[in-house]
Amino acid sequence: MEVLFLFVPLSMLVVAGLVWAAFWAIRNNQYEDLEGPAHRILMDDDDPKIPTNQETQGADAPDAESAGRARHEAGGKSPRAGGE
């Protein structure tokens, strides 16, 4: 029963801290734009992290399908490796 003398004031301090944090967040406009960050993630205008085939080898490089077809016609061996 004596533990209540510790837990009741402690819980009141925790509640007071949570109320203070909520009012601080409201006063500092933390809830002003709830949809903006979600839209910013979806509409990311950064460069892609994985370069495309044309960016790494130039615009006149063969695409992956023609390279795969050439490898298949060479019997599974890479035509760039000399077919050995």
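The values are calculated or read from the model by the stated rules, or taken from the named source; none is laboratory data. What you see is a predicted model, and the numbers here were worked out from it, not measured in a lab. Note: ideal-geometry Cβ built from the backbone for every residue, glycine included; neighbour counts use all protein chains shown.
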Under 9 Å between Cβ atoms, which residue pairs at least 6 apart in sequence (or on different chains) link something in the range 25-54 that is on the phi > 0 side of the Ramachandran plot and of a type in the set (A, V, I, L, M, F, W, C) with a partner that is modelled with pLDDT of 70 or more and part of a loop (DSSP other than H, G, I, E, B)?
none
Considering residues of the range 18-60 that are surrounded by 10 or more Cβ atoms within 10 Å (Cβ to Cβ) and of a type in the set (S, T, N, Q) only, the residue modelled with the lowest pLDDT
Q57
